[in-house]
Each structure stands twice: as structure tokens, then as C-alpha cells.
């Protein structure tokens, strides 16, 4: 799915479109073919309604937000068969992930591909297709229109269908009270 981002803001007391087009931090991966990601927008921990024209997605390295900040990510996930294809190169996939998903790529478990845990509360919306959310204890089958609210859970997105699926995720940076001694 191609993402078209429309940014609207107030200028001189009037709301208007100030930018539209493909988000600048969009990537179509080659390993596996069909994987695509767009960092659509980011906010700092205390966002402002005043928009000064600064591109927030390229002004930061990590796709993960700081506590209180947000990241809006669109992800197209190919069928799992793309990972099983003999042409799939896991080394190239890891390099592309490090390039296009810094901050997140480092959290993927090497001994359990796809599994990761982020320091975020996420609102995940399946826009099209089918996905399976794998958790430490079980999994849930999701279809277009389903919404998942995650609280820093260990998980992986699996696509056991024969068609790509598109997920829109709002990541909200959170603190982890477990690692802070329960504060």
C-alpha cells in the first residue's frame, strides 16, 4: 500500500495543506521482497500544535519515540512464504532493517526471528489483509479493521496468508516501571 501523507497546519490564522506526498522516510525492502515501511510522522514528548515546517521523521535517527513521544509507522508485511523462499537472504534483511528501522532493528531476537519487545504502548490497526500476532503465550488472528493495544509486549507479526497485509501503528514512547524498580 502506498502511503500519501497530507500535513495540515495553521498559517496566518488559516488552516491549510502545507505539504502532501510520500513520507520521506519510506522504504521498500528487497529482503524479503514485499516488505515496506514508512515512518509517517513523529512527535516529541511534549508536542506543539505550531508547525514550523521541520520534517520530524528525518530530524531523528531512531524510529522509536522517546517516552511521551510518538511515531506513526505504516508497514506492509509480505506473506511468511517470502521468508521461506530460497532466495531470501537473512543477512541482507538484517542490514536493510538496521538501515531503515534504527532503534527498532536492534530489538529483534536473533534466535527467534521476528520476535521483539519495544518500550512503547502501541495502537496497531490492520488496514488490509490478515495478520497473526504471535505472543510469548499464544497468538491472535487479525483481519482488516482489528485494533490491538500493546503494552510493551514481546511479539512478532506473522502473515500466514498468501497476500500482503498492511498495518498502521502508533507507537507511544513509555517508561518501563519493571526496569525502574516499580516506580
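No lab work stands behind these numbers, since they all come straight from the coordinates. The structure presented is a predicted model; accordingly, all values stated were derived computationally and were not measured. Positions of Cβ are generated from backbone atoms using ideal geometry, with glycine treated the same way; all protein chains shown enter the neighbour counts.
Return a yes/no flag: does the range 105-119 have any residue that is surrounded by fewer than 16 Cβ atoms within 10 Å (Cβ to Cβ) and in a strand (DSSP E or B). The answer is yes, given that some residue of the range 105-119 is surrounded by fewer than 16 Cβ atoms within 10 Å (Cβ to Cβ) and in a strand (DSSP E or B).
Among the residues of the range 102-122, the ones that are touching a strand residue (DSSP E or B) at 6+ places or on another chain (Cβ under 9 Å) and more than 26 Å from residue 69 (Cβ to Cβ) come to 2 in all. Evaluation of residue 116 against the conditions (1) closer than 24 Å to residue 31 by Cβ; (2) touching a residue at least 24 places away in the same chain (Cβ under 8 Å); (3) out of contact with any helix residue (DSSP H, G or I) (no Cβ under 7 Å at 6 or more places or on another chain) shows that the sole unmet condition is (3).
Among the residues of the range 2-54, which ones are at positive phi and within 20 Å of the chain's Cα centre (by Cα)? Those that are at positive phi and within 20 Å of the chain's Cα centre (by Cα): 21, 34.
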